[in-house]
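Take a look at the structure below.
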Amino acid sequence: MADHPSGNRSEGEPREEWRTRWGFLFAAVGSAVGLGNMWRFSYLAAEKGGAGFVALYLLFTILLGLPVMLAELTIGRGARRGPISALAHYGGQGWRWLGAIFVAAGFLILSYYGVIGGWTLRYAVEAATIGFAPDAGAHFGDVASGFDSLGTQILFMIITIAVVSGGIGAGIERLARIAMPGLFLIMIGIALYAATLEGASDGYAYYLNFDLEKALAIDVVVAAAGQAFFSLSLGMGAILTFASYLPRDSDVARETAVISFADFGVAFVAGLMVFPLIFALGMQGEISGGTIGALFVALPKAFESMGGAGRIVGGAFFVALVVGALTSAISLLEVIVSAAMDAFGWERRRAALVGGVAVTLAGVWPAFRIDILDLADSVATNLFLVGGGLGIAIFVGWVMDDPIAEASVGSARSGVHTVWRILLRYVVPITLIFILWNSLPETWAKIVGVFGSG
Ligand code: PFF
(Lines give C-alpha, C1' and ligand atoms only; values in the text may rest on other atoms or scores of the structure.)
Protein backbone atom coordinates (compact mmCIF):
# COMPACT_ATOMS: atom_id res chain seq x y z
CA MET A 1 0.00 0.00 0.00
CA ALA A 2 1.09 3.56 -0.62
CA ASP A 3 3.02 5.29 2.09
CA HIS A 4 1.44 8.37 3.60
CA PRO A 5 3.77 10.62 5.51
CA SER A 6 0.76 12.33 7.07
CA GLY A 7 -0.54 9.03 8.42
CA ASN A 8 -3.86 9.64 6.70
CA ARG A 9 -5.39 7.82 3.77
CA SER A 10 -6.40 9.67 0.66
CA GLU A 11 -9.94 9.60 -0.62
CA GLY A 12 -10.90 7.08 -3.25
CA GLU A 13 -8.06 4.68 -2.55
CA PRO A 14 -9.23 1.19 -3.56
CA ARG A 15 -10.05 -1.09 -0.66
CA GLU A 16 -7.57 -3.83 0.12
CA GLU A 17 -8.58 -7.36 -0.86
CA TRP A 18 -7.51 -10.90 -0.10
CA ARG A 19 -5.16 -12.20 -2.75
CA THR A 20 -6.78 -15.63 -3.00
CA ARG A 21 -9.80 -17.50 -1.71
CA TRP A 22 -7.56 -19.83 0.27
CA GLY A 23 -5.77 -16.89 1.77
CA PHE A 24 -9.05 -15.59 3.10
CA LEU A 25 -10.06 -19.01 4.38
CA PHE A 26 -6.80 -19.56 6.21
CA ALA A 27 -7.05 -16.11 7.75
CA ALA A 28 -10.66 -16.62 8.84
CA VAL A 29 -9.92 -20.09 10.18
CA GLY A 30 -6.85 -18.54 11.80
CA SER A 31 -9.13 -16.08 13.56
CA ALA A 32 -11.47 -18.79 14.71
CA VAL A 33 -8.81 -21.30 15.72
CA GLY A 34 -6.86 -20.07 18.69
CA LEU A 35 -6.58 -20.17 22.44
CA GLY A 36 -10.33 -20.70 22.43
CA ASN A 37 -9.97 -24.11 20.81
CA MET A 38 -7.07 -25.33 22.86
CA TRP A 39 -6.92 -23.58 26.21
CA ARG A 40 -10.48 -22.36 26.71
CA PHE A 41 -12.24 -25.36 25.20
CA SER A 42 -10.18 -27.87 27.13
CA TYR A 43 -10.44 -26.15 30.46
CA LEU A 44 -14.18 -25.69 30.12
CA ALA A 45 -14.65 -29.28 29.01
CA ALA A 46 -12.73 -30.28 32.13
CA GLU A 47 -14.68 -27.94 34.42
CA LYS A 48 -18.09 -28.68 32.93
CA GLY A 49 -17.83 -32.43 33.08
CA GLY A 50 -16.52 -33.47 29.66
CA ALA A 51 -18.64 -34.97 26.91
CA GLY A 52 -21.96 -33.27 27.75
CA PHE A 53 -20.35 -29.90 27.34
CA VAL A 54 -18.76 -30.99 24.07
CA ALA A 55 -22.10 -32.15 22.67
CA LEU A 56 -23.83 -28.90 23.59
CA TYR A 57 -21.00 -26.89 22.14
CA LEU A 58 -21.43 -28.77 18.85
CA LEU A 59 -25.16 -28.18 18.94
CA PHE A 60 -24.73 -24.43 19.46
CA THR A 61 -22.06 -24.23 16.79
CA ILE A 62 -24.64 -25.50 14.31
CA LEU A 63 -27.78 -23.86 15.63
CA LEU A 64 -26.38 -20.44 16.56
CA GLY A 65 -22.89 -20.25 15.07
CA LEU A 66 -23.67 -21.10 11.45
CA PRO A 67 -26.49 -18.54 11.03
CA VAL A 68 -24.59 -15.75 12.77
CA MET A 69 -21.44 -16.52 10.81
CA LEU A 70 -23.35 -16.29 7.53
CA ALA A 71 -24.91 -13.04 8.74
CA GLU A 72 -21.53 -11.49 9.53
CA LEU A 73 -20.03 -12.62 6.23
CA THR A 74 -23.01 -11.23 4.33
CA ILE A 75 -22.88 -7.81 5.97
CA GLY A 76 -19.11 -7.50 5.71
CA ARG A 77 -18.81 -8.52 2.09
CA GLY A 78 -21.76 -6.36 1.08
CA ALA A 79 -20.77 -3.20 2.95
CA ARG A 80 -17.00 -3.42 2.34
CA ARG A 81 -16.44 -1.41 5.50
CA GLY A 82 -15.37 -1.92 9.08
CA PRO A 83 -18.04 -2.93 11.63
CA ILE A 84 -19.36 0.50 12.66
CA SER A 85 -19.76 1.84 9.13
CA ALA A 86 -21.05 -1.49 7.86
CA LEU A 87 -23.97 -1.47 10.28
CA ALA A 88 -24.70 2.17 9.44
CA HIS A 89 -24.60 1.22 5.75
CA TYR A 90 -27.39 -1.33 6.09
CA GLY A 91 -29.31 0.00 9.08
CA GLY A 92 -28.76 3.75 9.15
CA GLN A 93 -26.76 5.90 11.54
CA GLY A 94 -28.85 4.74 14.48
CA TRP A 95 -27.06 1.38 14.36
CA ARG A 96 -23.54 2.67 14.78
CA TRP A 97 -23.69 1.96 18.51
CA LEU A 98 -23.83 -1.78 17.87
CA GLY A 99 -20.66 -1.54 15.81
CA ALA A 100 -19.07 0.51 18.58
CA ILE A 101 -19.89 -2.26 21.06
CA PHE A 102 -18.14 -4.70 18.72
CA VAL A 103 -15.02 -2.60 18.72
CA ALA A 104 -15.17 -2.34 22.52
CA ALA A 105 -15.51 -6.12 22.74
CA GLY A 106 -12.47 -6.57 20.53
CA PHE A 107 -10.57 -4.19 22.73
CA LEU A 108 -11.57 -5.99 25.91
CA ILE A 109 -10.80 -9.47 24.56
CA LEU A 110 -7.46 -8.57 23.05
CA SER A 111 -6.38 -6.89 26.29
CA TYR A 112 -6.29 -10.25 28.08
CA TYR A 113 -5.87 -12.50 25.05
CA GLY A 114 -2.49 -10.87 24.49
CA VAL A 115 -1.52 -11.73 28.07
CA ILE A 116 -2.23 -15.43 27.54
CA GLY A 117 -0.58 -15.22 24.13
CA GLY A 118 2.50 -14.00 25.95
CA TRP A 119 2.50 -17.02 28.28
CA THR A 120 2.33 -19.39 25.30
CA LEU A 121 5.24 -17.58 23.70
CA ARG A 122 7.27 -17.98 26.84
CA TYR A 123 6.52 -21.71 27.16
CA ALA A 124 7.38 -22.29 23.50
CA VAL A 125 10.72 -20.53 23.85
CA GLU A 126 11.51 -22.31 27.10
CA ALA A 127 10.73 -25.72 25.61
CA ALA A 128 13.30 -25.04 22.92
CA THR A 129 15.94 -23.68 25.26
CA ILE A 130 15.80 -24.71 28.92
CA GLY A 131 12.97 -27.24 28.89
CA PHE A 132 9.97 -27.50 31.20
CA ALA A 133 10.46 -26.53 34.83
CA PRO A 134 10.37 -29.34 37.41
CA ASP A 135 7.91 -27.42 39.59
CA ALA A 136 5.26 -26.58 37.03
CA GLY A 137 2.88 -24.92 39.46
CA ALA A 138 5.43 -22.50 40.87
CA HIS A 139 6.74 -21.80 37.40
CA PHE A 140 3.30 -20.91 36.10
CA GLY A 141 2.96 -18.53 39.04
CA ASP A 142 6.09 -16.73 37.82
CA VAL A 143 5.10 -16.75 34.16
CA ALA A 144 1.58 -15.50 34.72
CA SER A 145 2.05 -12.63 37.09
CA GLY A 146 3.85 -9.37 37.50
CA PHE A 147 6.45 -8.07 35.11
CA ASP A 148 7.13 -11.49 33.57
CA SER A 149 3.57 -11.63 32.38
CA LEU A 150 3.60 -8.01 31.25
CA GLY A 151 6.86 -8.44 29.38
CA THR A 152 5.70 -11.40 27.33
CA GLN A 153 2.37 -9.69 26.68
CA ILE A 154 4.18 -6.68 25.23
CA LEU A 155 6.28 -8.95 23.03
CA PHE A 156 3.24 -10.80 21.77
CA MET A 157 1.45 -7.52 21.04
CA ILE A 158 4.44 -6.13 19.13
CA ILE A 159 4.30 -9.13 16.79
CA THR A 160 0.54 -8.75 16.40
CA ILE A 161 0.85 -5.05 15.58
CA ALA A 162 3.62 -5.76 13.07
CA VAL A 163 1.54 -8.30 11.14
CA VAL A 164 -1.58 -6.13 11.08
CA SER A 165 0.53 -3.17 9.91
CA GLY A 166 1.60 -5.28 6.95
CA GLY A 167 -1.97 -5.23 5.65
CA ILE A 168 -4.46 -7.79 4.47
CA GLY A 169 -2.56 -9.55 1.69
CA ALA A 170 1.07 -8.97 2.64
CA GLY A 171 0.63 -9.25 6.39
CA ILE A 172 -2.33 -11.27 7.58
CA GLU A 173 -2.87 -13.54 4.57
CA ARG A 174 0.80 -14.33 4.13
CA LEU A 175 1.23 -15.39 7.74
CA ALA A 176 -1.99 -17.43 7.85
CA ARG A 177 -1.14 -19.41 4.72
CA ILE A 178 2.04 -20.73 6.28
CA ALA A 179 1.04 -20.89 9.91
CA MET A 180 -2.33 -22.60 9.73
CA PRO A 181 -1.29 -25.72 7.80
CA GLY A 182 1.64 -26.00 10.21
CA LEU A 183 -0.72 -25.83 13.17
CA PHE A 184 -2.98 -28.55 11.73
CA LEU A 185 -0.04 -30.89 11.18
CA ILE A 186 1.35 -30.38 14.67
CA MET A 187 -2.02 -31.00 16.29
CA ILE A 188 -2.75 -34.17 14.37
CA GLY A 189 0.77 -35.40 15.09
CA ILE A 190 0.37 -34.85 18.84
CA ALA A 191 -3.11 -36.39 18.93
CA LEU A 192 -1.74 -39.52 17.22
CA TYR A 193 1.18 -39.63 19.59
CA ALA A 194 -1.11 -39.26 22.62
CA ALA A 195 -3.13 -42.23 21.40
CA THR A 196 -0.08 -44.46 21.82
CA LEU A 197 0.32 -43.64 25.53
CA GLU A 198 -0.70 -46.18 28.09
CA GLY A 199 -3.75 -44.97 30.00
CA ALA A 200 -4.91 -42.72 27.18
CA SER A 201 -8.26 -44.49 27.14
CA ASP A 202 -9.31 -42.94 30.47
CA GLY A 203 -8.79 -39.57 28.84
CA TYR A 204 -10.99 -40.51 25.90
CA ALA A 205 -13.62 -41.86 28.23
CA TYR A 206 -13.77 -38.62 30.17
CA TYR A 207 -13.85 -36.57 27.01
CA LEU A 208 -16.33 -38.60 25.03
CA ASN A 209 -18.69 -40.45 27.38
CA PHE A 210 -21.86 -38.48 27.20
CA ASP A 211 -23.90 -37.96 30.36
CA LEU A 212 -27.24 -36.30 29.69
CA GLU A 213 -27.80 -35.20 33.25
CA LYS A 214 -24.55 -33.29 33.39
CA ALA A 215 -25.23 -31.64 30.05
CA LEU A 216 -28.56 -30.25 31.16
CA ALA A 217 -27.19 -28.13 33.99
CA ILE A 218 -27.75 -24.49 33.19
CA ASP A 219 -24.15 -23.45 33.76
CA VAL A 220 -23.06 -26.03 31.20
CA VAL A 221 -25.55 -24.69 28.66
CA VAL A 222 -24.42 -21.11 29.22
CA ALA A 223 -20.74 -21.99 29.00
CA ALA A 224 -21.23 -24.04 25.83
CA ALA A 225 -23.05 -21.21 24.05
CA GLY A 226 -20.48 -18.62 25.05
CA GLN A 227 -17.74 -20.96 23.92
CA ALA A 228 -19.37 -21.45 20.51
CA PHE A 229 -19.27 -17.68 19.91
CA PHE A 230 -15.80 -17.20 21.32
CA SER A 231 -14.36 -20.07 19.35
CA LEU A 232 -15.92 -19.04 16.04
CA SER A 233 -14.88 -15.39 16.56
CA LEU A 234 -18.52 -14.34 16.36
CA GLY A 235 -20.52 -11.57 17.98
CA MET A 236 -18.01 -8.74 17.64
CA GLY A 237 -17.55 -8.21 13.94
CA ALA A 238 -14.23 -10.00 13.46
CA ILE A 239 -15.57 -12.26 10.73
CA LEU A 240 -17.55 -9.31 9.39
CA THR A 241 -14.36 -7.28 9.12
CA PHE A 242 -12.41 -10.02 7.37
CA ALA A 243 -15.35 -10.44 4.97
CA SER A 244 -15.17 -6.76 4.09
CA TYR A 245 -11.99 -7.54 2.13
CA LEU A 246 -13.70 -10.27 0.08
CA PRO A 247 -14.47 -9.91 -3.58
CA ARG A 248 -18.16 -9.48 -4.30
CA ASP A 249 -18.62 -12.83 -6.02
CA SER A 250 -17.32 -15.02 -3.20
CA ASP A 251 -19.62 -17.72 -1.92
CA VAL A 252 -20.37 -16.76 1.68
CA ALA A 253 -22.59 -19.76 2.43
CA ARG A 254 -19.84 -22.17 1.42
CA GLU A 255 -17.22 -20.24 3.41
CA THR A 256 -19.48 -20.33 6.47
CA ALA A 257 -19.49 -24.11 6.33
CA VAL A 258 -15.73 -24.40 5.77
CA ILE A 259 -14.73 -22.03 8.58
CA SER A 260 -17.15 -23.48 11.14
CA PHE A 261 -16.28 -27.05 10.35
CA ALA A 262 -12.55 -26.36 10.55
CA ASP A 263 -12.97 -24.58 13.87
CA PHE A 264 -14.97 -27.36 15.45
CA GLY A 265 -12.57 -29.92 14.03
CA VAL A 266 -9.58 -28.23 15.61
CA ALA A 267 -11.30 -27.94 19.00
CA PHE A 268 -12.24 -31.59 18.83
CA VAL A 269 -8.71 -32.65 17.96
CA ALA A 270 -7.39 -30.42 20.74
CA GLY A 271 -9.44 -32.50 23.16
CA LEU A 272 -8.01 -35.64 21.59
CA MET A 273 -4.53 -34.46 22.44
CA VAL A 274 -5.10 -32.82 25.81
CA PHE A 275 -7.22 -35.41 27.63
CA PRO A 276 -5.24 -38.57 26.78
CA LEU A 277 -2.00 -36.77 27.64
CA ILE A 278 -3.34 -35.58 30.97
CA PHE A 279 -4.92 -38.85 31.99
CA ALA A 280 -2.05 -41.02 30.78
CA LEU A 281 0.35 -39.05 32.93
CA GLY A 282 -1.94 -38.94 35.93
CA MET A 283 -2.48 -35.19 35.88
CA GLN A 284 -6.27 -35.22 36.04
CA GLY A 285 -6.22 -33.88 39.58
CA GLU A 286 -4.59 -30.74 38.23
CA ILE A 287 -7.43 -29.90 35.89
CA SER A 288 -10.46 -31.01 37.86
CA GLY A 289 -10.88 -27.55 39.35
CA GLY A 290 -11.09 -26.19 35.85
CA THR A 291 -9.31 -22.94 36.53
CA ILE A 292 -8.00 -20.71 33.85
CA GLY A 293 -4.38 -21.69 34.50
CA ALA A 294 -4.88 -25.41 34.99
CA LEU A 295 -3.70 -26.45 31.56
CA PHE A 296 -0.62 -24.30 31.84
CA VAL A 297 0.30 -26.35 34.88
CA ALA A 298 -0.97 -29.81 33.99
CA LEU A 299 0.47 -30.02 30.48
CA PRO A 300 3.98 -28.75 31.24
CA LYS A 301 4.00 -31.15 34.18
CA ALA A 302 3.06 -33.98 31.85
CA PHE A 303 5.67 -32.94 29.29
CA GLU A 304 8.32 -32.62 31.97
CA SER A 305 7.67 -36.12 33.24
CA MET A 306 8.07 -37.52 29.72
CA GLY A 307 11.74 -36.58 29.47
CA GLY A 308 13.23 -35.94 26.03
CA ALA A 309 10.07 -36.81 24.13
CA GLY A 310 8.23 -34.31 26.29
CA ARG A 311 10.49 -31.48 25.17
CA ILE A 312 9.69 -32.22 21.53
CA VAL A 313 5.98 -32.88 21.93
CA GLY A 314 5.58 -30.05 24.43
CA GLY A 315 7.59 -27.65 22.33
CA ALA A 316 5.46 -28.46 19.27
CA PHE A 317 2.32 -28.06 21.36
CA PHE A 318 3.23 -24.59 22.51
CA VAL A 319 4.35 -23.55 19.04
CA ALA A 320 0.89 -24.52 17.79
CA LEU A 321 -0.65 -22.55 20.63
CA VAL A 322 1.41 -19.46 19.77
CA VAL A 323 0.40 -19.71 16.12
CA GLY A 324 -3.27 -20.08 17.01
CA ALA A 325 -3.13 -17.21 19.47
CA LEU A 326 -1.33 -14.92 17.05
CA THR A 327 -3.64 -15.42 14.08
CA SER A 328 -6.64 -14.81 16.37
CA ALA A 329 -5.12 -11.75 18.03
CA ILE A 330 -4.54 -10.34 14.57
CA SER A 331 -8.23 -10.54 13.76
CA LEU A 332 -9.12 -8.90 17.07
CA LEU A 333 -6.79 -6.00 16.34
CA GLU A 334 -8.06 -5.78 12.75
CA VAL A 335 -11.56 -4.96 14.02
CA ILE A 336 -10.18 -1.97 15.92
CA VAL A 337 -7.90 -0.97 13.05
CA SER A 338 -10.52 -1.09 10.33
CA ALA A 339 -12.92 0.93 12.49
CA ALA A 340 -10.24 3.56 13.16
CA MET A 341 -9.33 3.71 9.46
CA ASP A 342 -13.00 4.31 8.57
CA ALA A 343 -13.71 6.76 11.37
CA PHE A 344 -10.59 8.91 11.32
CA GLY A 345 -9.28 8.32 7.81
CA TRP A 346 -6.05 7.01 9.31
CA GLU A 347 -3.59 5.02 7.33
CA ARG A 348 -3.32 1.37 8.37
CA ARG A 349 0.01 1.57 10.11
CA ARG A 350 -0.99 4.46 12.31
CA ALA A 351 -4.26 2.75 13.23
CA ALA A 352 -2.44 -0.48 14.10
CA LEU A 353 0.11 1.30 16.25
CA VAL A 354 -2.30 3.53 18.14
CA GLY A 355 -4.90 0.78 18.59
CA GLY A 356 -2.31 -1.82 19.49
CA VAL A 357 -0.58 0.32 22.07
CA ALA A 358 -3.89 1.25 23.68
CA VAL A 359 -4.85 -2.43 23.97
CA THR A 360 -1.45 -3.31 25.37
CA LEU A 361 -1.85 -0.67 28.07
CA ALA A 362 -5.29 -2.00 28.93
CA GLY A 363 -3.65 -5.42 29.28
CA VAL A 364 -1.46 -4.29 32.17
CA TRP A 365 -4.26 -5.02 34.61
CA PRO A 366 -4.99 -8.63 33.57
CA ALA A 367 -1.25 -9.21 33.18
CA PHE A 368 -0.84 -8.49 36.87
CA ARG A 369 -4.08 -10.03 38.12
CA ILE A 370 -5.28 -13.39 36.92
CA ASP A 371 -8.66 -12.90 38.62
CA ILE A 372 -9.17 -9.78 36.49
CA LEU A 373 -8.24 -11.81 33.43
CA ASP A 374 -10.79 -14.44 34.35
CA LEU A 375 -13.47 -11.80 34.94
CA ALA A 376 -12.70 -10.01 31.66
CA ASP A 377 -13.06 -13.33 29.84
CA SER A 378 -16.46 -14.03 31.40
CA VAL A 379 -17.79 -10.55 30.73
CA ALA A 380 -16.44 -10.46 27.20
CA THR A 381 -17.83 -13.84 26.25
CA ASN A 382 -21.09 -14.12 28.15
CA LEU A 383 -22.17 -10.51 27.78
CA PHE A 384 -20.40 -8.98 24.79
CA LEU A 385 -20.17 -11.90 22.37
CA VAL A 386 -23.50 -13.51 23.20
CA GLY A 387 -25.15 -10.08 23.28
CA GLY A 388 -23.38 -9.13 20.05
CA GLY A 389 -24.60 -12.31 18.39
CA LEU A 390 -28.11 -11.38 19.47
CA GLY A 391 -27.63 -7.92 17.94
CA ILE A 392 -26.42 -9.37 14.63
CA ALA A 393 -29.29 -11.84 14.45
CA ILE A 394 -31.88 -9.14 15.06
CA PHE A 395 -30.17 -6.76 12.67
CA VAL A 396 -29.98 -9.18 9.77
CA GLY A 397 -33.23 -10.97 10.60
CA TRP A 398 -35.41 -7.92 11.12
CA VAL A 399 -33.70 -4.67 10.13
CA MET A 400 -31.70 -5.26 6.99
CA ASP A 401 -33.55 -5.09 3.68
CA ASP A 402 -33.65 -8.41 1.88
CA PRO A 403 -30.63 -10.15 3.44
CA ILE A 404 -31.38 -13.24 1.37
CA ALA A 405 -30.75 -11.39 -1.86
CA GLU A 406 -27.45 -10.11 -0.47
CA ALA A 407 -26.37 -13.51 0.85
CA SER A 408 -27.25 -15.17 -2.46
CA VAL A 409 -24.79 -13.11 -4.48
CA GLY A 410 -22.12 -15.57 -5.57
CA SER A 411 -24.01 -18.68 -4.53
CA ALA A 412 -27.12 -20.36 -5.80
CA ARG A 413 -30.29 -19.21 -4.08
CA SER A 414 -31.53 -22.18 -2.19
CA GLY A 415 -33.76 -23.37 0.58
CA VAL A 416 -30.83 -22.92 2.95
CA HIS A 417 -31.43 -19.19 2.95
CA THR A 418 -35.03 -19.55 4.03
CA VAL A 419 -34.02 -21.71 6.96
CA TRP A 420 -31.28 -19.19 7.71
CA ARG A 421 -33.74 -16.33 7.98
CA ILE A 422 -36.07 -18.25 10.24
CA LEU A 423 -33.17 -19.14 12.52
CA LEU A 424 -32.02 -15.52 12.64
CA ARG A 425 -35.47 -14.16 13.29
CA TYR A 426 -36.68 -16.58 15.93
CA VAL A 427 -34.47 -19.42 17.03
CA VAL A 428 -31.22 -17.53 17.54
CA PRO A 429 -32.68 -14.50 19.39
CA ILE A 430 -34.88 -16.55 21.69
CA THR A 431 -32.09 -18.96 22.54
CA LEU A 432 -29.60 -16.15 23.09
CA ILE A 433 -31.94 -14.13 25.31
CA PHE A 434 -32.46 -17.24 27.43
CA ILE A 435 -28.71 -17.79 27.64
CA LEU A 436 -27.88 -14.17 28.32
CA TRP A 437 -30.43 -14.01 31.09
CA ASN A 438 -29.17 -17.20 32.71
CA SER A 439 -25.54 -16.14 32.51
CA LEU A 440 -26.13 -12.97 34.51
CA PRO A 441 -26.02 -14.50 38.02
CA GLU A 442 -22.72 -16.23 37.34
CA THR A 443 -21.13 -13.16 35.82
CA TRP A 444 -22.43 -11.06 38.68
CA ALA A 445 -21.04 -13.52 41.21
CA LYS A 446 -17.64 -13.20 39.56
CA ILE A 447 -17.79 -9.42 39.72
CA VAL A 448 -18.68 -9.55 43.40
CA GLY A 449 -15.96 -12.14 43.95
CA VAL A 450 -13.32 -9.82 42.50
CA PHE A 451 -14.51 -6.42 43.73
CA GLY A 452 -17.08 -7.07 46.40
CA SER A 453 -14.95 -8.35 49.22
CA GLY A 454 -12.29 -5.64 49.18
N1 PFF B 1 -11.77 -17.40 18.13
C2 PFF B 1 -10.61 -17.09 18.91
C3 PFF B 1 -10.20 -18.32 19.67
O4 PFF B 1 -10.92 -19.32 19.64
O5 PFF B 1 -9.17 -18.29 20.31
C6 PFF B 1 -10.81 -15.93 19.82
C7 PFF B 1 -11.51 -14.77 19.19
C8 PFF B 1 -10.95 -14.13 18.08
C9 PFF B 1 -12.73 -14.36 19.67
C10 PFF B 1 -11.62 -13.11 17.45
C11 PFF B 1 -13.41 -13.32 19.06
C12 PFF B 1 -12.85 -12.73 17.96
F13 PFF B 1 -13.48 -11.77 17.38
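State the dimensionless ratio Rg/Rh of the stretch 1-107 (Rg: radius of gyration of Cα atoms; Rh: Kirkwood radius). Write out the running numbers ahead of the final one.
Numbers: Rg = 18.2 Å, Rh = 17.1 Å.
Over the Cα atoms of the stretch 1-107, Rg/Rh equals 1.07.
Expected output is a single nm value to one decimal: the length gained when fully extending between ILE188 and THR418, i.e. 0.36 nm times separation in residues minus the C-alpha distance. What is it? Walk me through the numbers before you get to the answer.
On the way: separation 230, 0.36 × 230 = 82.80 nm, distance 3.69 nm.
Taking 0.36 nm per residue and subtracting the Cα distance, the gain is 79.1 nm.
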³J(HN,Hα) computed for each position of the stretch 88-96 - Karplus, 6.51 cos²θ - 1.76 cosθ + 1.60, integer Hz, glycine/proline x: 5, 4, 8, x, x, 4, x, 9, 4
Column: log10 I(q)/I(0), Debye, Cα scatterers of the chain, q = 0.13 Å⁻¹: -1.16
Rg/Rh of the stretch 339-454 (Cα atoms, Kirkwood Rh), to two decimals, equals 1.11
Rough spin-label spacing in nm, given labels placed 7 Å along Cα→Cβ, for TRP97 and ASN209: 5.0 nm
Where labels lie 7 Å past Cα in the beta-carbon direction, separation of ASN8 and LEU58 in nm: 5.5 nm
Surface per residue (accessible, 1.4 Å probe) for the stretch 357-423, Å²: 39 Å²
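On a 1.4 Å probe surface of the protein chains, which of TRP365, TRP437 comes out largest in accessible area, and what is the full order?
Values: TRP365 135, TRP437 180 Å².
The residues order as TRP437, TRP365, largest area first.
Using 0.36 nm per residue, how much length does the chain from TRP444 to ASP401 gain when fully extended, once their Cα-Cα distance is taken away?
Working: separation 43, 0.36 × 43 = 15.48 nm, distance 3.72 nm.
Full extension of this stretch gives 11.8 nm more.
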In whole Hz, what ³J(HN,Hα) sequence does the stretch 271-280 give by Karplus (6.51, -1.76, 1.60; θ = phi - 60°), x for Gly and Pro? x, 5, 9, 5, 5, x, 4, 5, 6, 4
Residue-wise HN-Hα coupling along the stretch 67-84, computed from phi with Karplus coefficients 6.51, -1.76, 1.60 (Hz; x: Gly, Pro): x, 6, 4, 5, 5, 5, 4, 5, 4, x, 5, x, 7, 6, 9, x, x, 5
For ASN8, which sequence-distant residues (separation of 5 or more, or a different chain) have an amide H within less than 5 Å of its own amide H, given hydrogens modelled in the peptide plane? GLU347
Chain lengthening between ASP148 and GLN284 when straightened (0.36 nm per residue, less Cα-Cα): 46.2 nm
With a 1.4 angstrom probe the carbon and sulfur portion of accessible area for the chain, in percent, totals 67 percent
Equivalent-ellipsoid semi-axes of the stretch 277-387, from the Cα gyration tensor, Å, largest first: 35, 18, 12
Suppose all protein chains stay in the model; what accessible area per residue would a 1.4 Å probe give for the stretch 156-251, in Å²? 39 Å²
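The values are calculated or read from the model by the stated rules, or taken from the named source; none is laboratory data. A quick note: this is a predicted structure, and the numbers were derived from the prediction, not measured. Counting neighbours? That spans all protein chains shown, and the Cβs are built from the backbone with ideal geometry, glycine included. We work out accessible area using only protein heavy atoms, side chains counted, and drop any ligands, DNA or RNA first. Shrake-Rupley method; radii C 1.70, N 1.55, O 1.52, S 1.80 Å.
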